[in-house]
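Derivation of every value follows stated rules applied to the coordinates shown; laboratory data play no part. Model, not experiment: these values are computed from the prediction. All Cβ positions, even for glycine, are placed from backbone atoms using ideal geometry, and neighbour counts span all protein chains on display.
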Amino acid sequence: MVQKLNSLVESASQTAGPYVHIGCMPSYAGNAGAYDCEIGESPIAEGAKGEIIEITGEVIDGTAWALRDAMLESWQPDAAGKFPGQPGADPNVSGFCRFAVDPDIGKFTLRTVKPGAVTTRNGAMQAPHISLWIVARGINIGLQTRIYFEDEDNSSDPLLARIEQKNRLGTLVAKKSGPGQYAFDVVLQGDRETVFLDI
Amino acid sequence: MPDTTPDTNTDAGPLIPRNRAAHPQVHDVEYKTSVPRSPRWPLLSMESTPSEETGPRFGHDILGEYDNNLILNWTKGAAPAIGERIRVHGRVLDENARPVPHALVEVWQANAGGRYRHVKDGYFAPLDPNFGGCGRTLTDSEGYYEFLTIRPGAYPWPNRGNDWRPMHIHFSLFGHSFGQRLITQMYFEGDPLIDQCPIAATVKDRAQLDNLVAPLDLGQSRPLDYLAYKFDIVLRGRRQTMFENKLEGM
């Protein structure tokens, strides 16, 4: 026999189900007024410094069908690479957004400020990116991924460097579709499957 | 605006890598919707970075008077919801067995008849005019939380020929890091539908499924008012060490 570890096991995830919006986005579920203040309605407030951008896309399943019931959350630093609460962070960037795909056509739009670069613990510089978390009916544990940008220098990003199949790199990179406009799909399965993360 | 408050924990170690065996199987043919919605390729693993170690923080300023009382919150206190009155309470801890203070806990559930108040739910059990079905609260400085609600009903759902969800309450948790995000479900002790449910059965480790089942807690119930159920939740922890940063000359 040996000593017992004093650690606990993380609680098991369960699917968010089709009605996740009731608890997380009451207005979307048709229950406006349930809360005085819904969280994550926008990651930025008026006056946020930097380039305001819109990222548009779909969450696509293995049959190429765009989900109508997915919910997404994003988390990012301000235009200077500072997260809320860090010294010098832009007070108009909360960094957190909660959004859902359109129930009729399956499109989502994230309006935010383009994030700055952030270093890792060991000092390596990560290319600008937005962290993304996707939940829905049929997704048994929330999926983590990142949105990078095609008009940034992604060549020395430590996460992208770990992807062996370079043909999959593009699944993490938003394509510029116009001034301040980017396109980024999340593909759950199939030939274009997004690189999902375990971080 | 910002609906976040400062992260005061940015200098702790990396997140402990997730033990995927403790979680549901992502592709499970008995839960049909998981089949086209689960990735086939392996996840890309890496040590956490500030992008995962920081996260949104929420304060009491976002909470309304009735947010933690689902019996009363839909009517803002005017009339109670129909159903068995229950108190759900517990503690949010991390893998290091430390309490997670000021964690946002959001819940949603069906009403006593098994019907959700959602534009997409067409089950013919009636809506309760006094029940909305969502609530939220923050854990206290010791990681404890509680709310009052009614026991949700079981309900049928389209999957195999005759599948029913056991009584359950959905939980969404924010720790202090975006990498700790977790959504799970609380089941009720003694519900025979748990062992028939293909969603519960996506958790292959029986002890992990048992940890999603809240026991009746008579001691915390209130005579002539409500029963209590206890539901503790464990979020990912972070490595606790002084030896994180690579020092000069090492």
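Points to keep in mind about this one:
- Considering the stretch A:124-155, the residues that are more than 9 Å from chain B (Cβ to nearest Cβ), part of a strand (DSSP E or B) and of a type outside the set (Ser, Thr, Tyr) include one that is surrounded by the fewest Cβ atoms within 10 Å (Cβ to Cβ), namely A:125.
- Filtering the stretch B:119-137 for residues that are in contact (Cβ under 8 Å) with a residue 12 or more places away in the chain and on the phi > 0 side of the Ramachandran plot leaves a non-empty set.
- Checked across the stretch B:46-63, the condition of being under 30 Å from residue A:160 (Cβ atoms), aliphatic (A, V, I, L, M), surrounded by fewer than 22 Cβ atoms within 10 Å (Cβ to Cβ) and within 10 Å of another protein chain (Cβ to nearest Cβ) holds for at least one residue.
- Condition check for residue A:177: within 17 Å of residue A:110 (Cα to Cα) and not in a helix (DSSP H, G or I): yes
- Test: residue A:162 is within 26 Å of residue B:182 (Cβ to Cβ), loosely packed, with under 14 Cβ neighbours inside 10 Å and within 8 Å of chain B (Cβ to nearest Cβ): yes
- Answer residue from the stretch B:64-97, given it is away from chain A (no Cβ under 13 Å) and of a type in the set (Val, Ile, Thr) and is nearest to residue B:112 (Cα to Cα) among those: B:82
- Among residues of the stretch A:156-173, those that are in a helix (DSSP H, G or I) and over 16 Å from residue B:51 (Cβ atoms), counted: 6
- Across the stretch B:173-193, the qualifying residues are those that are assigned to a loop (DSSP other than H, G, I, E, B) and more than 9 Å from every other protein chain (Cβ to nearest Cβ), and the one among them that is nearest to residue A:11 (Cα to Cα) is B:175.
- Screening the candidates B:78, B:21 for the property of being in a helix (DSSP H, G or I) and surrounded by fewer than 20 Cβ atoms within 10 Å (Cβ to Cβ) yields one hit, B:21.
- Test: residue in the stretch B:123-141 that is under 17 Å from the mean Cα position of the chain (by Cα), among the basic types (Lys, Arg) and assigned to a loop (DSSP other than H, G, I, E, B): no
- Only a single item in (1) surrounded by fewer than 19 Cβ atoms within 10 Å (Cβ to Cβ); (2) closer than 24 Å to residue B:49 by Cβ; (3) of a type outside the set (A, V, I, L, M); (4) within 9 Å of chain B (Cβ to nearest Cβ) is not met by residue A:116, and it is number (4).
- Top-ranked residue in the stretch A:48-90 [being assigned to a loop (DSSP other than H, G, I, E, B) and acidic (Asp, Glu); ranked as farthest from the other protein chains (Cβ to nearest Cβ)]: A:51
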